[in-house]
Amino acid sequence: MLSQNFSMHLRREYWESRNWLLGLPLLLVTFISLAIILLTQISDHIQTTVSESPFSSENQGIVLNFGDGAQPLDETKTEQPESEDDDINVHFKFDGHDNLSGLSMLELFINFGWIGALCYLSTSLYSDRKDASILFWKSLPVSDTEQVLSKFFFAVISFPLVSLFIGWLFLATLLVLDATYYAANDLDLVRSLGDNNWLLTYLITPLTGYCLGFVKGIPVLAFTMLVSAIAKRLPYLWLIIPLLAAALAEQIIADSYFVVSWFITHFPIIESEVFERLTANYGGFLFHHFARNAVDFVINISLGALIIFACIWLRKHRFEI
């Protein structure tokens with residue numbers, strides 16, 4: 001059982017890494033905002049036209065409209081008007097399947113959070129040994145098991161969920177701006193929103209995708225932490241070089257790529273197809289997904305537990321740099 005010190009360890013992890021925890025998703029917000037601004041400032045003749053709410057279920061993709069008319073770009077056409085007075089109209093639309101949408105944006109924030117978690121785990125145990133802070137913790141009556149578990153659970157819970165929360169705030173900001181536009185132009189915002197199930201699409205589906213990514217990615221997440229426990233220096237190289245060496249040896253000896261494919265398929269990143277299927281048929285997809293991958297999930301959890309146990313053992317017995 002975990003003691004009351006476990007919450008202390010979690011608070012410690014937060015105070016030591018809060019800049020990364022909050023900075024990474026805010027950096028993503030900055031990039032997305034700059035992308036939107038740049039798209040609206042391509043030239044002095046760009047005119048941004050918005051005919052529907054960005055959150056409407058009827059919107060389909062980002063469409064570039066050329067000329068005086070607001071017609072979608074037809075890629076099959078090779079001739080365009082050559083008048084210098086022609087304006088270029090950029091019509092922003094949010095598509096839930098192919099391009100930029102509210103759900104796709106939340107998916108991006110979750111996956112960006114998983115990348116942050118992997119980066120954090122790759123240096124978590126190594127940093128304590130490098131700055132000798134582990135000697136301080138060894139002098140206290142605290143459990144090595146709780147220290148390792150606090151680092152692992154802090155990474156896999158805080159980074160993706162904090163990133164998702166900031167994504168929700170950013171999405172809400174876009175909705176407020178959209179509502180302001182509709183109010184200023186006497187348009188019906190409520191009608192433009194369509195009949196989307198907002199609770200399922202923008203709350204339950206992202207959280208479910210996070211859980212699926214966690215279960216799928218436990219072995220890779222735990223292995224990344226194990227590398228942090230083993231590395232004498234440059235943990236990123238300790239993570240990459242052995243994998244490349246194993247993949248090269250496997251390709252030469254067996255002419256296969258099992259190692260590389262296994263790591264790729266067990267990254268906690270969730271594909272867009274999963275979010276789309278969850279939105280289309282939530283209960284049915286989850287039932288078939290767990291039924292089809294139940295054995296794999298059990299193996300993932302068991303393997304991840306064994307690797308974390310190895311991290312704890314190294315923390316107790318081989319903690320010198």
Packing-based order for 208-218, 131-141, 238-248, using average beta carbon neighbours within 10 Å, highest first:
208-218, 238-248, 131-141
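Give me the net charge for the shell around ILE299: Cβ to Cβ below 15 angstrom, other residues only, Lys and Arg +1, Asp and Glu -1. Mind dumping the intermediate values first?
Numbers: positive: LYS216, ARG292; negative: ASP296.
Around ILE299, the charge tally is +1.
Taking a ≥ b ≥ c as the square roots of the eigenvalues of the Cα gyration tensor of region 246-321, is the shape rounded (a/c under 1.5), prolate (a/b larger than b/c) or oblate?
Values: a/c = 2.64, a/b = 1.47, b/c = 1.79.
Verdict is oblate for region 246-321.
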Using mean Cβ contacts within 10 Å as the protection proxy, how do 102-114, 283-295 order, highest first?
102-114, 283-295
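Report the calculated FRET efficiency for TYR181 and LEU22 (r = Cβ-Cβ distance, R0 = 25 Å), to the nearest 0.05. Intermediate values should be presented prior to the final figure.
Values: r = 29 Å, r/R0 = 1.17.
Here the calculated transfer efficiency is 0.30.
Quick one: if the Förster radius is 30 Å, what FRET efficiency do VAL142 and ILE301 give, using the C-beta to C-beta distance and rounding to 0.05? If you can, show how the numbers build up before the last one.
Numbers: r = 26 Å, r/R0 = 0.87.
The computed FRET efficiency comes out at 0.70.
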In terms of modelled amide H atoms, which long-range or inter-chain residues lie less than 5 Å from the amide H of SER101?
ASP95
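Read-outs throughout are calculated quantities, based only on the coordinates presented, and are distinct from any laboratory measurement. Note that the structure is predicted; figures quoted are calculated from it, not measured. Using ideal geometry, Cβ is built from the backbone for each residue, glycine included, and neighbour counts are taken over all protein chains shown.
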